[in-house]
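The values are calculated or read from the model by the stated rules, or taken from the named source; none is laboratory data. Small disclaimer: the values here were computed from a predicted structure and weren't measured. Ideal geometry is used to build each Cβ from the backbone, glycine not excepted, and the neighbour counts take in all protein chains shown. Note: accessible area is taken over every heavy atom of the protein model, side chains too, but ligands, DNA and RNA are not part of it. Shrake-Rupley method; radii C 1.70, N 1.55, O 1.52, S 1.80 Å.
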Amino acid sequence: MPSEVVTMDKIVSLAKRRGFIFPASEIYGGIANTYDYGHYGVLLKQNVVNQWWKAMIQDRDDIVALDSAIIQHPRTWEASGHLAGFTDPLVQCLGKCKRRFRADHLREGAEARGEPTDHLVCPVCGGELSEPRAFNLMFETTIGPVQEAGSAVYLRPETAQGIFLDFKQVLQFARRKPPFGIAQVGKSFRNEITPGNFIFRTLEFEQMEMEYFVPPGEADQWYEHWMRERFDWYVRLGIDPEHLRLRAHGAEELSHYSSATSDIEYLYPIGWSELEGIANRGDYDLTQHAQFSGEKLDWVDPQTGDRYIPHVIEPAAGVGRSLLAFLCDAYDEDEIGGERRTVLRLHPALAPVKVAVLPLLRKAGHPEKARAVYEDLRRHMKAEYDDGGAIGRRYRRQDEIGTPFAITIDHQTSEDDTVTLRDRDTLEQERVPVEGLAQRLLAKLSA
Ligand code: ATP
């Protein structure tokens, strides 16, 4: 069962209160399934993405980076199967509200709540539902000023296809041979119609995808490898392994391109749901693009002359969904001195701000000294200076955005050049010298 402390309402309200994430177009009443990221949301998102890049291209040397276009040649989606196959069965409410829902989401929702799935009804008004009908999830637009036949293009529904289209280009400069990977982070778009659940499912979202090209005989072993690697990534960044599980797709659930897929699921407040998918895409995509484009997209071993179409293992994660999992897992409430506190126990690598510098008083030289300490620290890490309001309130604010450390400058600082260093999680306060503060914090942050 999801924890009782964390609810989606609490996460949504904290995200809005502290300016992480809020509904888009709010002055016009909002727009379905679309959110904006404010200051701390941007910083947190950047840290998630940076940690992903680190795992892909800094901590190993068999993966290269790519940033391909969002709008590609429309034949891309014919070849990939998305035009024909990227459809989800929709049901419409035949009762009062007439809303549409994805049949699979209604079923999953009922399963997660432990309810029967043999007779689903409209979750909004309780009306009967129509038979499922297919509906394409891609957003269509046109190139050129007039809408005419042949000018239709699509916003990509996944970043992966750009990687397949550039496979040959990358091979020319990457100086890699299978097994090797191409990684990309960028926006994807899907005309999702299932509402709610905050940033879990949005119309536009960032994906972190990596296509790992392997000799066909090694596909199974690399599939296992990437399931482990990706699971461990979340654990290393602070997610409780008890809140994560791997779930293999049944045959009826597999995407049109996949011969095996497993989801890493997280125990969100809405129940166990997909956080990331790891798919064995076989040689489907390269074969299709070779056929549709007439280009040869196989690998030729320069030494042996062996030729084959590599198989592809794909870990595909959503930035927003990961961020939501990190927020939910970090969210906690405790009590200090009889007062309730909300705290985000974010991993230091993800915390938007690493240290807050707080003068105890707005006089007696405290602000000047604090400013000097802050200016030194910010050369080394994301730091924040805050002199507004009672010290307890300022600590609480930093706790809510997940800042691991706070430095307080007080009257003793002018006497012996020491400050207090407060730890977000243990609440311990140490007296430490100003000299060497940055090194001390850097060591703690990387511990
Ligand atoms: P779902 O069925 O939950 O919508 P999916 O199985 O269609 O997801 P994939 O195509 O496997 O998703 O995409 C890979 C990852 O991209 C997902 O695990 C998820 O993290 C993210 N993702 C996909 N669709 C969305 C969306 N609409 N909003 C936010 N993230 C998404």
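What is the distance, in nm, between label points placed 7 Å from the Cα along the Cα-to-Cβ direction at residue 133 and at residue 94?
Each label point is offset 7 Å from its Cα along the Cβ direction, giving 1.3 nm.
For a test of the definition: using alpha carbon positions, the gyration tensor, and the 1.5 limit on a/c, classify the range 262-413 as rounded, prolate or oblate.
Taking the square roots of the gyration eigenvalues as a ≥ b ≥ c, the range 262-413 is prolate.
Just how far, in whole angstrom, is the range 1-69 from the range 320-362 if you go by their alpha carbon centroids?
16 Å
Give me D for the range 372-435 in µm² s⁻¹, whole number, from Stokes-Einstein with Rh from the Kirkwood sum over alpha-carbon pairs, 37 °C and 0.692 mPa s.
264 µm²/s
For 431, 99, 321, 341, give the ranking by accessible area with the largest first, probe 1.4 Å.
The residues order as 99, 431, 321, 341, largest area first.
In the range 412-445, what GluC sites (Glu not before Pro) fall in a loop by DSSP, with at most 15 other Cβ atoms inside 10 Å?
Here the sparse-neighbourhood loop sites are 428, 435.
Report the net charge of residues surrounding residue 5, where surrounding means a beta-carbon distance below 10 angstrom and charges are Lys +1, Arg +1, Asp -1, Glu -1.
Taking every other residue near residue 5 into account, the sum is -3.
For the range 1-54, what's the relative contact order in percent, using C-alpha pairs closer than 8 Å and at least 6 residues apart?
27 percent
At 7 Å along Cα-to-Cβ for each site, give me the label-to-label distance between residue 65 and residue 107 in nm.
For residue 65 paired with residue 107, the spin-label model returns 4.1 nm.
Near the amide H of residue 63, under 5 Å away, which other amide H atoms are found, from residues 5 or more places off or on another chain, if H is placed in the peptide plane?
Answer set, sorted by chain and number: 181.
Only helical DSSP H runs with n ≥ 4 go in: add -39500 (n - 2.57) per run for the chain, normalise by residue count and round the 222 nm mean residue ellipticity to 500 deg cm²/dmol.
It comes out at -9000 deg cm²/dmol, rounded to the nearest 500.
Ignoring any ligand, DNA or RNA, what whole percent of the accessible area of the chain comes from carbon and sulfur when the probe is 1.4 angstrom?
Ligands and nucleic acids excluded, carbon and sulfur give 50 percent.
Summarise the long-distance tail of P(r) for the chain by giving the % of C-alpha pairs beyond 28 Å.
58 percent
Run the quick spin-label model on residue 50 and residue 228: label points 7 Å from Cα toward the beta carbon, then report their separation in nm to one decimal.
The answer from the label model is 2.9 nm.
Considering only 398, 161, 291, give the residue with the highest GNM mean-square fluctuation for the chain, with springs between Cα atoms whenever their separation is below 10 Å.
Fluctuation is largest for 291.
I'd like the distance between the alpha-carbon centres of the range 120-179 and the range 249-265, rounded to an integer number of Å.
The distance from the Cα centre of the range 120-179 to that of the range 249-265 comes to 18 Å.
Out of 124, 170, 185, any idea which swings most in a Gaussian network model of the chain, alpha carbons joined below 10 Å?
Maximum among the listed residues: 124.
Anyone know which of 370, 251, 290 comes out most mobile in the 10 Å Cα GNM of the chain?
With Cα springs under 10 Å in the chain, the top fluctuation among 370, 251, 290 is at 251.
Evaluate 2.2 N^0.38 Å with N set to the residue count of the range 329-395, then give the Cα radius of gyration divided by it.
Working it through for the range 329-395, the quotient is 1.28.
From Cα pairs below 8 angstrom and at least 6 apart in sequence, can you work out the relative contact order of the range 1-147, rounded to a whole percent?
16 percent
Which whole-number percentage describes the relative contact order of the chain, with Cα contacts under 8 Å and a sequence gap of 6 or more?
This gives 14 percent for the chain.
Compute log10 of I(q)/I(0) for the range 95-224 with the Debye formula, placing one identical point scatterer on every Cα and leaving out solvent, at q = 0.09, 0.10, 0.12, 0.13 Å⁻¹, to two decimals.
-0.47, -0.56, -0.76, -0.84
No other cysteine beta carbon under 4.7 Å away is the test; run it over the chain and list who passes.
328
Pop out the ³J(HN,Hα) list for the range 22-32 in order, Karplus 6.51 cos²θ - 1.76 cosθ + 1.60 with θ = phi - 60°, rounded to Hz; leave Gly and Pro as x.
These are the phi-based 3J(HN,Hα) values: 8, x, 6, 6, 5, 5, 9, x, x, 9, 3 Hz.
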